[in-house]
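Every read-out reported here was derived from the displayed coordinates using simple, explicitly stated rules and does not represent laboratory data. The model shown is predicted, which means the values in this text are computed figures rather than measured ones. Backbone-built Cβ (ideal geometry, glycine too); neighbour counts: all protein chains shown.
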Amino acid sequence: MSEIWTAVDTYLGTLFPDDAVLQAAVERGRTEGLPEIAVSPMQGRLLNILARAMGARAILEVGTLAGYSAIWLGRALPADGRMITLEVDAHHAEVARANLASAGLQNVEVRLGAARTTLPQLIEESAGPFDLIFIDADKVGYPEYFTWSLDLSHAGTLIIADNVVRHGNILDENTDDVSSRAIREFNAMIAADARVDATVLQVVGVKGHDGLAFAVVR
Ligand SMILES: C[S@@+](CC[C@H](N)C(=O)[O-])C[C@H]1O[C@@H](n2cnc3c(N)ncnc32)[C@H](O)[C@@H]1O
């Protein structure tokens, strides 16, 4: 099946090609030796469309990598909008800053540090509320990142999280994989938390079989 998922994404890529800036961002990440684990082009496009449809003016991302999804999200902002993206790896942050500068996105701040430190910092600084929060970092942190995200939200904030199906590994309740265990906990949290209305969508494509979670704050 994965061959046809990839073929369909490749075909869709011919209809909806990334522009030169996005292509250059991917290329810089590759040249700099970053892992190729950014959202797919169609997912990046989805993030941009959702942010624009909801009129997001303040966006937070957890997990920057080379800034590919940050470019998609940053482009959705109005001229006076703002975005902060959190990254633990200094080299990733440096590459992302270069990519965001090439994209002309001066209003996107790349904040270096572990999200376990930087998210509480943002709360302390009263940096929120954010209209859209995209969680895409280490999976073990997702339950905590969700909790902090709620503190950085207002009614109507959309929280999106990537990689919440993990090729179906979330089905195994006895799994030894700490990431899958954390994602099971995260999915159960967003399903049960009365402060949000949430759903999880399975996604297939160039990145195989995975899923995206969407939670809107009540
Ligand atoms: C899947 S990649 C992000 C991809 C990016 N959102 C995109 O689609 O272009 C995950 C990123 O999260 C970063 N990361 C991992 N653990 C983190 C943590 N505890 N705090 C902040 N960033 C972290 C990794 O270094 C990596 O760059």
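Looking at the range 183-198, is at least one residue closer than 23 Å to Leu12 by Cα, within 16 Å of the ligand (Cβ to nearest atom) and out of contact with any Gly (no Cβ under 7 Å at 6 or more places or on another chain)?
Within the range 183-198 (the criterion being closer than 23 Å to Leu12 by Cα, within 16 Å of the ligand (Cβ to nearest atom) and out of contact with any Gly (no Cβ under 7 Å at 6 or more places or on another chain)), the answer is no, since none of the residues qualifies.
Between Ala114, Ala96, which is among the hydrophobic types (A, V, I, L, M, F, W, C), near the ligand (Cβ under 6 Å from one of its atoms) and free of Cβ contacts under 8 Å to residues at least 40 places away in the same chain?
Testing whether each residue is among the hydrophobic types (A, V, I, L, M, F, W, C), near the ligand (Cβ under 6 Å from one of its atoms) and free of Cβ contacts under 8 Å to residues at least 40 places away in the same chain leaves just Ala114.
Restricting to the range 169-218, name every residue that is within 18 Å of the chain's Cα centre (by Cα) and among the polar types (S, T, N, Q).
Ser179, Ser180, Asn187, Thr199, Gln202
Anything in the range 146-182 that is in contact with a Leu (Cβ under 9 Å, 6 or more places away or on another chain) and part of a loop (DSSP other than H, G, I, E, B)? List them, or say none.
Passing the criteria: Leu152, Thr157, Asn163, Val164, Val165.
Of everything in the range 22-59, what is more than 13 Å from the ligand (Cβ to nearest atom), surrounded by 14 or more Cβ atoms within 10 Å (Cβ to Cβ), under 19 Å from the mean Cα position of the chain (by Cα) and aliphatic (A, V, I, L, M)? Give them in sequence order.
Once the filter is applied, which keeps residues that are more than 13 Å from the ligand (Cβ to nearest atom), surrounded by 14 or more Cβ atoms within 10 Å (Cβ to Cβ), under 19 Å from the mean Cα position of the chain (by Cα) and aliphatic (A, V, I, L, M), the range 22-59 yields Leu50, Ala51, Met54, Ala56, Ala58.
Identify, by number, the condition in (1) more than 9 Å from the ligand (Cβ to nearest atom); (2) within 23 Å of Ala90 (Cα to Cα) that Leu119 doesn't meet.
Here Leu119 clears every test but (1).
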